[in-house]
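Take a look at the structure set out below.
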Amino acid sequence: MILGYDWNQWPGLEPGRVVEVEDETLRDGLQSPSVVNPDVRIKLRLLHLMEELGIHGADIGLPGAGPKARSDTVRLAREIRDQRLKLEPSCAARTLVVDIEPIVEVSQEVGMNIDANVFLGSSPIRQYAEDWPMDKLLRHTEESVKFATSHGIGCMYVTEDTTRAQPDMLKKLYTVAIENGARRICLADTVGHATPDGVRALVTFIKQEVVKPSGEPVKIDWHGHRDRDLGVINSLAAIEAGADRVHGCAVGMGERVGNTPMELLLVNLKLMGLIHTDLGALRNYCELASTACGVPVPPHWPVVGRSAFRTACEPWADRLAQARLEEEGWLEDRLYSAIPAHWVGAHPQVVVGPMSGDGAAVGWLLRHGHLPTPDRVRRVLEVAAGANHLLTDRQLESLV
């Protein structure tokens, strides 16, 4: 039975192409001015949840920031090694040897590769503000990438503010990075400037004018921010144009209004058939990050917000209640949501408030193991009609 026509169109991927995801929660996510840097034990739990979610890589810190940052980075790297996690670790660094040396040291201490994600501002406004001449940028690029690769670790070269940088400048910077051994380059929408059309144009330009002429097996990353709330759609546009990996943070944490939300990114990739991983741990991942980092999840936040899969509205509540009564779990899971709730370890909920009718009352009673007698339904709706908010489970239980 066909239960819906799908107007969504996706060009698909070339055979054999894999979409990868990089988790920036433990580095870029913690740069937010409103987050708490959690204890390393919480970070270890987040690593394991990333692994459960099939995330490919994780930025595990900036060890050049100081002793605490270095200590946490070492502990996280050891966990990946000792538990044989599939996560590919990386660390951030400015394009300065003094920042990259700690990554090399941690890599050697732990005995595993840790990519150095070296970043450098690239837009004219950054050049003006920092008083950076072009020859200085090129020199820093060459020295930093060469230092990382000559010490046996992988290197991803990141241009900050890529989406406001001039084409010729990007071509020069990336070319120098690739010539000195960078085999992954990252396009960063550092201030959330880009639109999907701009992303497609940028990725296409880099593929055609930088990567292809180099003749090297260079992968392209996309790193987006949410200042215009285009983080997810821009990531999908980057993949469509040929990016190999996209970045995100749990519950969209990050500088200013944050990075692309990892949970929304993963759900959309799965809905589009671009990943096939089990997302059952997604709510635990988001709840842990939210609690530990002090970033409350709004009730209306998609996928993991409190109201993501619940309704008090007729006739939806009525049909959901009927589906539960008839044990049609597949229908209950999809009737009022584009995202099957069970994918993310959730279930549809019928709640009761002043706008509710019989269906909501019946649905709540069924889910909580009570027979929906006419007397119980009437009692619940009488109290709900006089309230100015949803009734809590405790209130409803007292009525029953």
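The values are calculated or read from the model by the stated rules, or taken from the named source; none is laboratory data. These numbers come from a predicted model, not from an experiment. Ideal geometry is used to build each Cβ from the backbone, glycine not excepted, and the neighbour counts take in all protein chains shown. The area values use the complete protein model at the heavy-atom level, side chains included, leaving out ligands, DNA and RNA. Shrake-Rupley method; radii C 1.70, N 1.55, O 1.52, S 1.80 Å.
Against the chain, whose longest principal axis is taken from its Cα atoms, helix 282-293 shows a tilt of about 70°. Nearest 10 degrees is fine. How inclined is helix 374-385 to the longest principal axis of the chain, computing both from alpha carbons? Between the helix axis and the principal axis of the chain, the angle is about 60 degrees.
If you take every DSSP beta bridge fully contained in the chain, what fraction is antiparallel? Give it as a percent rounded to 5.
Values: 1 of 36 bridges.
Once the DSSP bridges in the chain are tallied, antiparallel ones form about 5 percent.
Taking Lys and Arg as +1 and Asp and Glu as -1, the other residues whose beta-carbon sits under 13 Å from that of residue 211 total +1. Spatial offset of region 67-146 relative to region 246-305 amounts to 25 Å, using the alpha carbon center of each.
Might you tell me the accessible area per residue for the chain, computed with a 1.4 Å probe and given in Å²?
Numbers: 18520 Å² over 400 residues.
With all protein chains present, the chain gives 46 Å² per residue.
Where a ≥ b ≥ c are the square roots of the eigenvalues of the C-alpha gyration tensor, would you call the chain rounded, which needs a/c under 1.5, or, failing that, prolate if a/b is larger than b/c, or oblate? Here the chain falls in the prolate category.
Residue 272 exposes around 60 Å² of accessible area when a 1.4 Å probe is run over every protein chain in place.
Between 0 and 90 degrees, the angle of helix 167-179 with respect to the longest Cα principal axis of the chain falls at about 70 degrees. Less than 20 Å apart at the alpha-carbon level, and either on another chain or at least 8 residues along: which lysines does that give for residue 68? In chain and number order, the partners are 43. So the label point goes 7 Å from the Cα of residue 338 along Cα→C-beta, right? Which residues of region 265-309 then have their backbone N under 13 Å from it? From region 265-309, the list is 265, 267-272, 302-303. Taking 295, 377, 21 in turn, the Gaussian network model of the chain (Cα-Cα springs below 10 Å) assigns the largest fluctuation to 377. Surface composition of region 131-238: carbon and sulfur make up 50 percent of the accessible area, probe 1.4 Å. Applying the criteria of a DSSP loop state and at most 14 other Cβ atoms within 10 Å to the trypsin sites (Lys or Arg not before Pro) of region 1-44 yields 17. Springs join every pair of Cα atoms under 10 Å in this Gaussian network model of the chain, and among 388, 117, 259 the largest mean-square fluctuation is at 388.
Across 228, 126, 378, mean-square fluctuation computed from a Gaussian network of the chain (C-alpha pairs under 10 Å connected) peaks at 378.
Each residue was assigned an accessible area with a 1.4 Å probe, and for residue 130 the value is about 90 Å².
Remind me, relative contact order of region 1-151 in percent, using alpha carbon pairs under 8 angstrom and six or more residues apart?
19
Okay, helix-only estimate at 222 nm for the chain: each DSSP H run of n ≥ 4 adds -39500 (n - 2.57), divide by all residues, round to 500 deg cm²/dmol; what do you get? Before the final figure, lay out each step's value.
Working: 15 runs with 169 residues, N = 400.
That comes out to -13000 deg cm²/dmol.
Per residue, the Cα convex hull of region 141-200 amounts to 79 Å³. What a 1.4 Å probe finds exposed on region 1-109 is 51% carbon and sulfur by accessible area, rounded to a whole percent. The value of relative contact order for the chain, using C-alpha pairs under 8 Å at least six residues apart, is 14 percent. A dipole drawn for region 5-102 from +1 and -1 charges on Cβ atoms has a positive end, and of 53, 93, 16 the residue lying farthest that way is 93.
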